[in-house]
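Notes to accompany the following structure.
The values are calculated or read from the model by the stated rules, or taken from the named source; none is laboratory data. Since the structure is predicted, the reported quantities are computational estimates derived from the model, not experimental observations. Note that we place each Cβ from the backbone using ideal geometry, even for glycine, and neighbour counts take in every protein chain shown. SASA here: full protein model, heavy atoms, side chains in, ligands and nucleic acids out. Shrake-Rupley method; radii C 1.70, N 1.55, O 1.52, S 1.80 Å.
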Amino acid sequence: MPQKIPATLIAGDGIGPEIVATTVAALDALGAPFEWDPQIAGLGGVQATGDPLPAATIASIRRTRLALKGPLETPSGGGYRSSNVRLREEFKLYANLRPARTIIPGDRFENIDLVVVRENLEGLYIGHEHYIQIDDDPHAVAMATGVNTRQGSRRLLEFAFEHAAATGRKRVAIVHKANIMKALTGIFLETGLELYERKYKGRFALETVIIDACAMKLVLNPWQFDVLVTTNLFGDILSDLVAGLVGGLGMTPGANIGADAAIFEAVHGSAPDIAGKGIANPTALLLAAAMMLEHCRLHELAARLRKGLSETLNVDGVRTGDLGGKSTTADFTRALLARLAKA
Ligand code: NAD
C-alpha cells in the first residue's frame with residue numbers, strides 16, 4: 001500500500017457529518033488513501049471554541065495543504081463572517097473549479113460535460129462597499145469597488161489553461177463584460193488573450209464571449225462550450241447556472257485551489273431543514289472526493305468512485321428524496337459500498 005496522504009477533514013454543520021461519513025466510508029472501501037486529521041469549523045467551531053475558523057483548523061490545513069470539507073453554516077445578516085470566505089483568503093484559494101457533468105440521464109439536458117473556472121479572490125467580491133448620504137437619506141447612493149489585477153487574472157487564467165490542456169479539453173471560453181466594464185473585466189480579457197498567444201496557442205481553441213450572451217447560449221445550447229473561465233461575480237452566477245443543467249446543487253462538487261492549499265467540498269450548504277433526518281444526498285461530496293483523488297493523481301481510484309456512484313444511482317436506482325427517490329442516506333451508503341466492493 002502506498003503511503004497515505006495527510007489531509008484535513010472537516011465534517012461541517014447540518015447534514016455535513018452525515019454526508020462526510022458516507023464519503024469517508026467510500027474512500028475507506030477504496031483503500032483509505034488519506035490519513036485524516038479531523039478538525040472543526042463553522043457553527044461547530046463557534047460552539048466548541050467561540051471561533052468559526054479555529055486556529056487548530058488553520059494549522060492543520062497549513063500542514064496538510066489538502067482538505068475535504070462538509071458545508072459550514074453562516075448566519076445571514078449579522079453574526080460571524082463566513083468561514084468559507086476566510087478559508088479562501090487565508091490559503092489564497094484563487095481558483096474555484098466547478099465541473100458540471102450529467103450523471104443521471106433523462107433530465108432536461110443530456111450529456112453535459114462543462115467546467116467553470118472562477119476567480120475566487122478579486123473582482124466585485126473584495127467587499128469595498130459604502131453609501132453616500134444625501135439630505136436625510138444615509139443610503140441615498142450605494143457604491144462598490146471591484147478590483148482585478150493583472151497578476152491575479154494571470155494566475156487564474158494560467159490555472160484554467162493548464163487544467164484544460166492537462167484534461168484534454170478542446171475549447172476554452174473567456175467570459176467577460178469588457179464592452180461595458182472596460183477596465184475591470186478588460187484587464188482579465190486582455191491578459192487571457194496575451195497568455196494564450198504566448199503559451200497555449202494550438203493546445204486548445206480559445207474564444208471570448210460576453211457574460212449576458214454566454215448565459216443565454218448556455219441555456220439554448222450548452223454543448224457548444226467546454227471550459228468557461230471568468231471573473232469572480234460572473235463565475236459565481238455561471239457556476240450555479242451550469243449546476244442547474246445537471247440536476248442542481250446536490251449533484252455538483254467544487255474545488256478551491258490556491259497557492260497554499262486545495263479544499264474540496266460540495267457546492268450545496270448545510271441543509272438545516274433536513275439535518276439529522278438521515279435523508280441527505282451525499283453525491284456532491286462524493287464527487288468532490290473524486291476531484292480530490294484526481295488532484296492527488298490517484299486517477300484510478302477516482303474512476304472507481306465515479307463508476308460506483310453512477311451504478312448506485314442508475315443501475316441500482318438508489319436515490320435520495322431530492323432526486324425523486326425514497327432511499328435514505330444509509331441505503332445509499334450500503335448500495336455504494338456494495339458497488340465499490342465489486343469493482
Ligand atoms: P442549502 O444548500 O443548505 O439548502 C438548499 C435546499 O437544498 C434545502 O431545501 C436543502 O434541504 C436542500 N439540499 C441541499 N443539499 C442537499 C443534499 N445534499 N441532499 C438533499 N437536499 C439537499 O442552502 P441554504 O439553506 O441557503 O443554506 C444553509 C446554510 O448553509 C447557510 O448557513 C449557508 O450559509 C450555508 N452554506 C454553506 C456552503 C458551504 O459551506 N460551502 C455553501 C452554501 C451555503
- Message: Quick check on the range 268-283. Is at least one of its residues at pLDDT below 95 and either surrounded by 22 or more Cβ atoms within 10 Å (Cβ to Cβ) or within 11 Å of the ligand (Cβ to nearest atom) (or both)?
- Response: yes
- Note on the structure: Of (1) within 25 Å of residue 67 (Cβ to Cβ); (2) within 14 Å of the ligand (Cβ to nearest atom), residue 324 fails just (1)
- Message: Go through (1) of a type in the set (Ser, Thr, Tyr); (2) away from the ligand (no atom under 11 Å from the Cβ); (3) open to solvent by 50 Å² or more (accessible area, probe 1.4 Å) for residue 60 and report which single condition fails.
- Response: (3)
- Restricting attention to the range 100-131, which residues are of a type in the set (D, E, K, R) and open to solvent by 50 Å² or more (accessible area, probe 1.4 Å)? 101, 107, 108, 110, 113, 129
- Query: Can you pull out the residues in the range 310-338 that are farther than 15 Å from residue 25 by Cα, open to solvent by 60 Å² or more (accessible area, probe 1.4 Å) and not in a loop (DSSP other than H, G, I, E, B)?
  - Reply: 322
- Taking residue 260 and the conditions (1) assigned to a loop (DSSP other than H, G, I, E, B); (2) over 21 Å from residue 336 (Cα atoms); (3) modelled with pLDDT of 95 or more, which numbered condition does it fall short on, given that it satisfies the others? (3)
- Which residue, of 33, 38, 71, 54, is at pLDDT 95 or above and buried (at least 22 other Cβ atoms within 10 Å of the Cβ)? 71
- Task: Show the residue pairs that are 6+ apart or on different chains and have beta-carbon atoms under 8 Å apart, the first residue being within the range 135-151 and free of Cβ contacts under 8 Å to residues at least 12 places away in the same chain, the second being among the aliphatic types (A, V, I, L, M).
- Result: 140/132; 140/134; 141/132; 141/134
- Counting only residues that are in a strand (DSSP E or B) and hydroxyl-bearing (Ser, Thr, Tyr), the range 94-109 contains a total of 0
